[in-house]
Amino acid sequence: MKIVVAIKQVPERDAPVRIAGKWIEEADLQYAMNEPDAYALEEALQLKEKNGGEVVVVSAGPERAGSTIREALAKGADRAIHIDCDDLVERDALDVARLLAEAIRPENPDLVLTGLQSEDLGLGQTGVIVAELLGLPHATLILQVEKTESGIKVKRELEEGWFQMIEMPTPAVLTIQSGGNKLRYATLMGIKRAKTKEVRALNAVDFRGPETPVVMLEEIALPKKQKSTQMLPGSGKEAAAALVEKLKFEARVL
């Protein structure tokens, strides 16, 4: 079974955020693998351990994305494809999906895994657009994947603790939900082996040029801090009842 995993390098969660034009100031940021993509990688590695095959990671981004690619290789991926793309943040989900699909198509994988969404933009669209561009069936919010004689069986997370089991043919594209597995750490031996594994370099400019974006980022801003005080009139009992109503229907915490 050949599995391709799309991974993205994103700013670390605790990194200081400062606005710089239409994006954030990147000079002092530390970067890490997008957490949902890490769960996608873990699912792929476990499938490989159970069924054999190959895990290939593909990532689009600038040169610094190489460190995240090497992390994936150190954890157990067999080889990687790096799409060198300095303007990734300026591309919408459709254009990023085009880059990934162009790199994935020649691999003819049995399975393509992506994280459910990225931690920096959180659009949750790239994986399903890749499926559409590749002409493959897809499923989202996946927690577990099991190989069957006819394809795969997946466990989807629904609302309020409900789950759905689906049998699908392969090849297919799945977007993986965080929390389905326990993430592994890269071992010292894995880090050493990663240095010798193949990383094939592609350049985004060699692909079809970006079309007019469907979605354009006009502005980003920090959330505005707002607070207000309300005095609830009436007796203690009346004020308590009014408070409960506000907590239920305005704050929606009850």
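The values are calculated or read from the model by the stated rules, or taken from the named source; none is laboratory data. Just so you know, these numbers come straight off a predicted model, no measurement behind them. Ideal geometry is used to build each Cβ from the backbone, glycine not excepted, and the neighbour counts take in all protein chains shown.
Some values worked out for this structure:
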quantity	calculated
Number of the condition not met by SER235 [criteria: (1) on the phi > 0 side of the Ramachandran plot; (2) at pLDDT 85 or above]	(1)
Condition met for ASP92 (of a type in the set (Asp, Glu), out of contact with any strand residue (DSSP E or B) (no Cβ under 8 Å at 6 or more places or on another chain) and either within 20 Å of MET1 (Cβ to Cβ) or assigned by TED's automatic domain parsing to the domain that holds ALA186 (or both))	yes
Cβ pairs under 6 Å, 6+ apart, first in the range 71-83 and touching a residue at least 12 places away in the same chain (Cβ under 8 Å) and over 15 Å from ALA40 (Cβ atoms), second among the acidic types (Asp, Glu) and surrounded by fewer than 22 Cβ atoms within 10 Å (Cβ to Cβ)	ASP78/GLU54; ARG79/GLU198
Of all residues making up the range 158-181, the number that are under 21 Å from the mean Cα position of the chain (by Cα) and of a type in the set (D, E, K, R)	1
Single residue of the range 68-101 satisfying the filter (of a type in the set (Asp, Glu) and surrounded by 19 or more Cβ atoms within 10 Å (Cβ to Cβ)) that is farthest from SER150 (Cα to Cα)	ASP92
GLU146 loosely packed, with under 10 Cβ neighbours inside 10 Å and farther than 30 Å from GLY66 by Cβ	no
Some residue of the range 183-202 being assigned by TED's automatic domain parsing to the domain that holds LEU116 and over 30 Å from ALA74 (Cβ atoms)	no
Condition met for GLU49 (free of Cβ contacts under 8 Å to residues at least 24 places away in the same chain and in the same structural domain as GLN177 (by TED's automatic domain parsing))	yes
Count of the range 212-250 residues which are of a type outside the set (Val, Ile, Thr) and closer than 23 Å to GLY122 by Cβ	11
Criterion: out of contact with any helix residue (DSSP H, G or I) (no Cβ under 8 Å at 6 or more places or on another chain), surrounded by 22 or more Cβ atoms within 10 Å (Cβ to Cβ), assigned by TED's automatic domain parsing to the domain that holds VAL89 and more than 26 Å from TYR31 (Cα to Cα) - qualifying residue of ALA139, ALA131	ALA131
Total residues in the range 54-67, condition surrounded by 19 or more Cβ atoms within 10 Å (Cβ to Cβ) and touching a residue at least 60 places away in the same chain (Cβ under 8 Å)	1
Members of the range 188-208 that are in a strand (DSSP E or B) and among the polar types (S, T, N, Q)	ASN203
Subset of the range 1-48 (residues that are buried (at least 20 other Cβ atoms within 10 Å of the Cβ), charged (D, E, K, R) and within 10 Å of the chain's Cα centre (by Cα))	LYS8, ASP37
Filtered residue count, the range 195-250, keeping only those that are among the hydrophobic types (A, V, I, L, M, F, W, C), within 19 Å of ASP84 (Cα to Cα) and touching a helix residue (DSSP H, G or I) at 6+ places or on another chain (Cβ under 7 Å)	4
